[in-house]
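J.: I have a structure I would like to understand better, so I am pasting it below and will then ask my questions one at a time.
The values are calculated or read from the model by the stated rules, or taken from the named source; none is laboratory data. Bear in mind that the values here come from a model prediction, so they are computed numbers and not experimental data. Please note: Cβ atoms are built from the backbone with ideal geometry, for glycine as well, and neighbour counts cover all protein chains shown.
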Amino acid sequence: MGDFDNEHCGHLVHFKRYAGSSRKQRGGLALKMKRNTLTSLNTTNKKSAPGPIYLDGFATTPMRAEAKSALLEALDLFGNPNSGHHEGRVAQQRIDIARNQIASLIGASAQELVFTSGATEANELACKLLYSQESLIKSGRNRVIMSSIEHEAVQRSVRCSISDAVEILVCPMLPNGTIDLAALKELVDERTLFVSVIYVSNLTGIVQPIRQAAEITHAAGALFHTDAAQAAGKIPIDVADQDIDLMTISAHKFGGPKGIGALFVSSVSGIDFGAARGGTQGLRYGTPAAPLIASFGAAAEISAESMHHEGKRARFQLFRFISSLDALGFSIDQIGDRAKTVPGCGGFFLHHFDSDDWIAKTGGTVCMSNASACTDGLLRASPLLEALHVPIAWQREFFRISIGWWIDDDDIDNAVGHIKCASTDKLLATGDVHQ
């Protein structure tokens, strides 16, 4: 398997091409399917699955058993954690345990965490806090920089500045799917208030050079934020080592429940909390959701313990998936370098097939997604794929995969079988291949 720069696109996206792809013809149909590829899916099934095979961990993940147990147990803690009586203290003690579990996952201290309803609220809270740094703004810092592949929640929050004087700049990406650090260094100066760089792309799974981006930001005296919703619980994170000022995480992206997330705010960042008395604990008021927080903590603890061996397994299973498709004659490419992605994650192109079509055909058996937004039959360009210089014709072929602890080898083999059958049904219908 070798690297190449895609000349067909004209410039620009760096791909990892899988072993058999070099023998595919670029023009016309590339698949040479024999009768045995049109056999019933029953011949590929190795077990009876209780439901669809879930390969869309970018969107959400199944709850871990440990997180579910913690949630159910904490439902009995009916006391309000803000109350000073016995029941309130018991609920607060359970929250404190979870707070430490989550802080340990990212190398933070427990008091540096603010619980939120999820990553979207955490991103909004981060930007609100950053835009409230009056001393920095009065000193002339009115420039905000974000990468061109930020999640929409970050883009919206960054653009909701309370001041028209704030200038928002977008840093481009390199062909390998990572932020252009040289360009970032040119953009960041003494006028910069903060920089936001997503930790892991939710389309490609590519890990960004967060430490280097933070160093460039801090060298100019600015603050640094990262949305780590796709990173926390999947790869090692140490906020102190990487010199991160603010970071967003979400429980349901690594086996916790939906409806709970957190914002990390560094205690050594010098951030002014203003009217939020009590530091991070004064940033968000209301009754803490003890059951959700307890479940969040349990997911964080088991993820930290299992990260190494689950990561190795996920990498192997993704390789098994892609290699199996390649062995069947599909032409498939991956964006970027597999070594720089979260284990089990990636963005791919299945050439000569519209991903909207085959994902829809397999929707009842395999859960996957792509980056296309199709309205009334009109394909609209994905801004995030455009940021990676992927032309619209190739966007039709794009799909993303994120797998984890809930997947076994039989699931991978069966998923390949379902995709094979969906694609050959389409070829038979169009006459591109004859039974």
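J.: Sort through Ser355, Ser423 and tell me the only one that's in contact with a strand residue (DSSP E or B) (Cβ under 6 Å, 6 or more places away or on another chain) and either modelled with pLDDT of 90 or more or of a type in the set (Gly, Ala, Ser) (or both).
T.: Ser355
J.: For the range 251-269, which residues satisfy the criterion of being closer than 15 Å to Gln101 by Cα and assigned to a helix (DSSP H, G or I)?
T.: Ala251
J.: Do you know which residues across the range 388-420 are surrounded by fewer than 22 Cβ atoms within 10 Å (Cβ to Cβ) and at pLDDT below 85?
T.: Of everything in the range 388-420, those that are surrounded by fewer than 22 Cβ atoms within 10 Å (Cβ to Cβ) and at pLDDT below 85 turn out to be His389, Pro391, Ile392, Ala393.
J.: Still on this structure, please answer the following. So which of Ile235, Ile168, Ile198 ends up being surrounded by fewer than 22 Cβ atoms within 10 Å (Cβ to Cβ), part of a loop (DSSP other than H, G, I, E, B), of a type in the set (Val, Ile, Thr) and touching a residue at least 12 places away in the same chain (Cβ under 8 Å)?
T.: That would be Ile235, the only listed residue that is surrounded by fewer than 22 Cβ atoms within 10 Å (Cβ to Cβ), part of a loop (DSSP other than H, G, I, E, B), of a type in the set (Val, Ile, Thr) and touching a residue at least 12 places away in the same chain (Cβ under 8 Å).
J.: Does Val154 meet the test of being in contact with a strand residue (DSSP E or B) (Cβ under 6 Å, 6 or more places away or on another chain), of a type in the set (A, V, I, L, M) and on the phi < 0 side of the Ramachandran plot?
T.: Yes: the conditions hold for Val154.
J.: Read through the list (1) assigned to a strand (DSSP E or B); (2) within 28 Å of Arg400 (Cα to Cα); (3) of a type in the set (Val, Ile, Thr), then give the number of the only condition that Val154 fails.
T.: Going through the list (1) assigned to a strand (DSSP E or B); (2) within 28 Å of Arg400 (Cα to Cα); (3) of a type in the set (Val, Ile, Thr), Val154 breaks only (1).
J.: Scan Arg94, Arg99 and give me the residue that is buried (at least 19 other Cβ atoms within 10 Å of the Cβ), in contact (Cβ under 8 Å) with a residue 12 or more places away in the chain, more than 19 Å from the chain's Cα centre (by Cα) and within 22 Å of Ile235 (Cα to Cα).
T.: Arg99
J.: Something else: Is there a residue being modelled with pLDDT under 95, in a helix (DSSP H, G or I) and buried (at least 20 other Cβ atoms within 10 Å of the Cβ) anywhere in the range 132-145?
T.: Yes; the residues of the range 132-145 include at least one that is modelled with pLDDT under 95, in a helix (DSSP H, G or I) and buried (at least 20 other Cβ atoms within 10 Å of the Cβ).
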